[in-house]
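Below: the structure, in structure tokens.
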Amino acid sequence: MADRRHLHRDRPVRRVESDSTHTPTFTNNPREVANATTPRSVLPNSPPMNLVNGLHFNNIRGDIYGGLTAAVVALPLALAMGVSSGAGPIAGVYGAIFVGLFSALFGGTPAQVSGPTGPMTVVMAMIFTQYTAMFPDNPAHGAALAFGVVVLGGLFQIGLGLLKVGKFIELVPHPVISGFMSGIGVIIILLQIAPLLGQESPASPLRAMQAVPGLLDDIQQEALALGLITLAIVYLVPALLPRLNKVIPAPLLALVIVTTGMLLLSPDSQAPVLGTIPSGMPALQLPAFDLLLLPGMIKSALTLAALGAIDSLLTSLVADNITRSHHKSDRELIGQGIGNTVAGLFGGLPGAGATMRTVVNIKAGGSTPISGALHSLILLAIILGAGGLASHIPKAVLAGILIKVGTDIIDWNYLKRLRHIPLSGVVKMLTVLLLTVFVDLMIAVATGMIMASLLFMKDMVELQMKSISTVTDPDQAETPLSQDERAIIKAAGGDILLYHLAGPMSFGAAKEMSRRLAQFDQYRALILDLSDVARLDYTSSRALDDMIYDAQSTGRQVFLVGGNAQVENLLEKQGVLDRLQAGHRHAERLAALRQASNQLRPDA
């Protein structure tokens, strides 16, 4: 989710950012994004789709400037996320290079820029720590296992795209995504407190919270000063100097100013720095796989794949809103999967579509995959030519940048509206948030989806119950009746019970269907009116079968009205229609009422 914040209509879009540098110029609010004015160069007439989705050469100038601007924004974030993951700053840059390049070439959102994002980095940090801790005497093997998980995650993403599950991402309700993204933001902030104070960060958010009292007793003063200056720049420049922020994004400005200031004013500073960063072309690093660890690796890979899918497609929705276009969700998943697979093979962090980088790219004029690919090539050129300079960057500076990322990811818009949001939505959001921070990311999302599904089913069942009406007295009928129908029911004096169903009937309503009928015991003929039933499932068909059997076993006549092709086909397969006497099925309700009246008259 790279950075995304406000997501959608209980509904998904919204989103939080992944890159975080929020400014008045670049909004995280999807509604604001949707209303943004788009430069004409962003909306060229694209030719038919080819190997590279959305590729054309009618916007070269805009794509070059967009790619350059996105690279400037991406560099400090990639370095910071690499450090935060535990894999090292170069891993973050490699992730930005490979995920950005291959997702641009093979993805389904032309203007999207991809790379390491806050949520993906949080998960990767947990994975990297887990596997390196397993092999303290051979950390290189642990790292190879961690990047093996990245490769598997990329392959799973490709599989999700081939299975065409992209459209289902939009079914995740807003409170679930809001809680998840806010939880990710809290995790990022908690994990950066220690580096901001000049110390090593604990491996988990809970431990980071527990370590705060001890950290406050052992603050590295220079690191804290550098971190506070960084925080001042990344928060104040976008608010007070938006024009400057548009030219030089605040994270890059902070990185350059604070690092340069430290080197000039305090060359002997004891504040922790990045240290040696490899230079040269990325080298292939074959990942490792262990059969005994494979189940856990698969679980972690599925977490990366699912998170990357949600993160990327939410950014795609933001890009659609700005460019007034439509992304190809399944193709986007395949492109992201290819990028993550290659990144894992070269020791790069996994990534996803990054909201802020994407918005920056589009605002700067980028509209085709050229800009996303160029952003990656520029990062590669920077590493090849200036990797040594990055070694002097203080870790506290990157911690300050990531704290800004964390606060931008938190869904403040949703939190501000808590008093006006239904209690069920608030409970879902807070449950997912707490589970995300203190338990497990996938458990959090799964729990949120289960809660949402149960609440949705409850609402649907209530609607289905309202669609059931029983009529023995036409003067109190909720179901519209013709004059002839009213006359027949009235003349029957309660001997005819009209049981009318409407809409889709599901398993949730089956028990109530039977219970509602059991409340009547004075009728002699039952009219089951299915003419307005759109759909039945197996459980509701069995409920109808029980209703017919119970009525017939007490000597009552049962007549069936209507039923579309799906309904009739299901009832026939389940043998329900076989219970009816010959001639007791009718296409029209009036015909069934007349027959029931005629058969009751001799016994009147």
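Couple of notes before you dig in:
- Expressed per residue, the C-alpha convex hull volume of the stretch 467-603 stands at 98 Å³.
- Candidate cross-link partners of Lys246 among the aspartates and glutamates, defined by an alpha-carbon separation under 15 Å and a same-chain spacing of 8 or more, comprise Asp19.
- Helical runs (DSSP H, four residues minimum) scored at -39500 (n - 2.57) apiece and divided by the length of the chain put the mean residue ellipticity at 222 nm at -20000 deg cm²/dmol.
- Förster radius 35 Å - calculated FRET efficiency between Lys511 and Ala133 (Cβ-Cβ, nearest 0.05): 0.10
- The DSSP beta bridges internal to the chain are antiparallel in roughly 35% of cases.
- Each Lys and Arg Cβ is given +1 and each Asp and Glu Cβ -1; about its Cα centre, the stretch 467-603 then shows a dipole of about 140 debye.
- Using only side-chain charges placed at the Cβ, +1 for Lys and Arg and -1 for Asp and Glu, the dipole size of the chain relative to its Cα centre rounds to 1060 debye.
- Highest to lowest packing among 271-279, 476-484, 67-75, scored as the average C-beta count within 10 Å: 67-75, 271-279, 476-484
- Derived scalar couplings ³J(HN,Hα) [the stretch 363-373; Karplus, 6.51 cos²θ - 1.76 cosθ + 1.60; whole Hz; x for Gly, Pro]: 5, 7, x, x, 9, 10, x, 4, 5, x, 5
- Bridges between two residues of the stretch 467-603, per DSSP, are antiparallel at a rate of about 15%.
- Full-stretch length increase - Val427, Lys573 - with 0.36 nm per residue and alpha-carbon distance subtracted: 48.3 nm
- Pairs with C-alpha atoms separated by more than 21 Å, drawn from the list Lys167/Lys466; Lys490/Lys511; Lys458/Lys511, are Lys167/Lys466; Lys490/Lys511.
- Each peptide in 194-201, 360-367 receives the mean, over its residues, of other Cβ atoms within 10 Å, and ordering these scores from highest gives 360-367, 194-201.
- Highest-first packing order for the peptide set 310-319, 131-140 is 310-319, 131-140, based on the mean count of other beta carbon atoms within 10 Å.
- Cα-based shape type of the stretch 285-414, given that a ≥ b ≥ c are square roots of the gyration tensor eigenvalues and the cut on a/c is 1.5: rounded
- Tilt relative to the chain, helix 329-345 - C-alpha long axis, 0 to 90 degrees, to 10: 40 degrees
- Over the chain: Kirkwood hydrodynamic radius from C-alpha pairwise inverse distances, Å: 26.7 Å
- Amide H within-cut-off set for Asp532, under 5 Å, with H built and near neighbours excluded: Leu501
- Contour excess over end-to-end distance, with Cα ends at Ala591 and Asp290 and 0.36 nm allotted per residue: 101.3 nm
- Counting all C-alpha pairs of the stretch 534-604, share separated by more than 18 Å (%): 40 percent
- In this structure, the pairs whose alpha-carbon distance is over 26 Å, taken from Lys299/Lys416; Lys164/Lys299; Lys328/Lys363; Lys299/Lys428, are Lys299/Lys416.
- Gain in span if fully extended, Gln210 to Leu240, counting 0.36 nm per residue against the direct Cα distance: 7.3 nm
- Phi-derived couplings, Karplus 6.51 cos²θ - 1.76 cosθ + 1.60 at θ = phi - 60°, listed residue by residue for the stretch 135-140: 10, x, 8, 9, x, 5 Hz, with x used for Gly and Pro.
- Per-residue HN-Hα couplings for the stretch 511-518 [Karplus 6.51, -1.76, 1.60; θ = phi - 60°; Hz; x = Gly/Pro]: 5, 5, 4, 5, 4, 5, 5, 5
- Rounded to the nearest 10 degrees, the inclination of helix 60-85 to the longest alpha-carbon principal axis of the chain is 90 degrees.
Coordinate-derived values only; no laboratory data. Just so you know, these numbers come straight off a predicted model, no measurement behind them. Because the Cβ atoms are built from the backbone with ideal geometry, glycine has one as well, and the counts that use them run over all protein chains shown.
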